[in-house]
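Participant: Sharing a structure, written as structure tokens. Questions coming.
The values are calculated or read from the model by the stated rules, or taken from the named source; none is laboratory data. Just so it is clear, the model here is predicted, and its values are computed rather than measured. All Cβ positions, glycine included, derive from the backbone under ideal geometry; neighbour counts span all protein chains shown. Side chains included, ligands, DNA and RNA excluded: accessible areas come from the protein's heavy atoms. Shrake-Rupley method; radii C 1.70, N 1.55, O 1.52, S 1.80 Å.
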Amino acid sequence: MQALDIALFELINAGATAPAWSIHFARFASDVLPTLLALAVMGAAAIDRRLRYAFFTALVSVLAVWVLVNVFRSVMPFQRPAFYGLGVQWAPQGARPGFPSLHAAGTFAAAFALWCLPWRAPMIAALVVAAVVGWSRVFLGLHFPFDVVVGAMLAALVAIVVERRVSRPLNLALRAYMRPRLRARRARA
């Protein structure tokens with residue numbers, strides 16, 4: 001498995017002769033796209049109540065993924081490709097562990113959290129953004145492909161658990177709490 005991971009990394013990682021525009025695009029994808037995805041979900045949540053539910057699910061999922069990745073990295077500190085002298089690292093990361101990819105896990109968690117929406121287009125668009133972010137982390141030499149794949153799998157699992165075990169019960173409890181108050185308000189009007 002490690003040989004396949006290294007072979008895929010060497011295939012995807014930008015070498016010293018990579019065009020400057022591709023490095024700039026990958027840095028944009030790595031640094032800016034996760035923030036743009038978060039802002040898009042947050043902005044949409046201000047418009048539609050169903051999107052507030054998805055935003056809450058995404059927020060809790062991203063926080064849970066952040067905790068899980070950092071705990072895993074402290075317990076099992078698998079190093080980044082540069083530690084082994086592989087490829088070119090286009091952005092400084094220091095000696096921090098890189099497995100699983102926090103950028104990929106966080107972005108995929110936000111994307112998978114949108115599966116609870118009645119429309120598939122937002123989730124598909126967010127998954128494309130997350131895939132580009134994951135690609136950029138390998139292209140820039142910051143992660144092995146397996147780091148990104150495991151980050152995406154962890155994100156999917158966390159988003160499903162958060163939606164089923166946190167968001168849904170909390171939403172049902174909130175509705176049950178608000179229903180008598182809304183009836184009383186309507187009766188007074």
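Participant: How large is the convex hull of the Cα atoms of region 77-172 per residue, expressed in Å³ as a whole number?
Facilitator: 92 Å³
Participant: Still on this structure: Per residue of region 42-48, in order, report the coupling 6.51 cos²θ - 1.76 cosθ + 1.60 (Karplus, θ = phi - 60°) as ³J(HN,Hα) in whole Hz, putting x for Gly and Pro.
Facilitator: Coupling constants for region 42-48: 5, x, 5, 5, 6, 9, 10 Hz.
Participant: Turning to a different aspect of this structure: Could you grab the relative contact order for the chain? Cα pairs under 8 Å, six or more apart, rounded to a whole percent.
Facilitator: 30 percent
Participant: Taking only Cα atoms, what is the 0 to 90° angle, nearest 10, from helix 20-31's long axis to the longest principal axis of the chain?
Facilitator: Once rounded, one gets 40 degrees.
Participant: Test of the criteria: in region 95-132, which chymotrypsin sites (Phe, Trp or Tyr not before Pro) are in a DSSP loop and have at most 12 other Cβ atoms within 10 angstrom of their Cβ? It would help to have the intermediate numbers written out before the result.
Facilitator: On the way: sites: Phe108, Phe112, Trp115, Trp119; in loops: Trp119.
Listed in order of number, the matching sites are Trp119.
Participant: Follow-up question, since we're still on this one. Which order do you get for Met76, Met1, Met153, Met123 if you rank them by accessible area with a 1.4 Å probe, largest at the top?
Facilitator: Details: Met76 80, Met1 150, Met153 125, Met123 30 Å².
Ranking Met76, Met1, Met153, Met123 by accessible area, largest first, yields Met1, Met153, Met76, Met123.
Participant: Now for a separate question. Using a Gaussian network model on the chain with a 10 Å cutoff between Cα atoms, which of His103, His24, His143 fluctuates the most?
Facilitator: Comparing His103, His24, His143 in the GNM, the peak value goes to His24.
Participant: Return the Rg/Rh ratio of region 1-73 with Cα-based radii and a Kirkwood Rh.
Facilitator: Radius of gyration over Kirkwood radius for region 1-73 works out to 1.14.
Participant: Ignoring ligands, DNA and RNA, please state the percent of accessible area on the chain from carbon and sulfur, probe 1.4 Å.
Facilitator: The nonpolar share, carbon plus sulfur, comes to 72 percent.
Participant: Let me ask something else. What accessible area per residue, rounded to a whole number of Å², is obtained for the chain using a probe radius of 1.4 Å?
Facilitator: 56 Å²
Participant: Consider just the alpha-carbon atoms of region 5-123 and return their Rg together with their Dmax, both in angstrom.
Facilitator: Rg then Dmax for region 5-123, in Å: 16.8, 49.
Participant: Here is a further query. Skipping prolines and chain starts, which residues have an amide H placed within reach, meaning under 5 Å, of the one on Phe78, given they are 5 or more residues away or on another chain?
Facilitator: Gly98, Phe99
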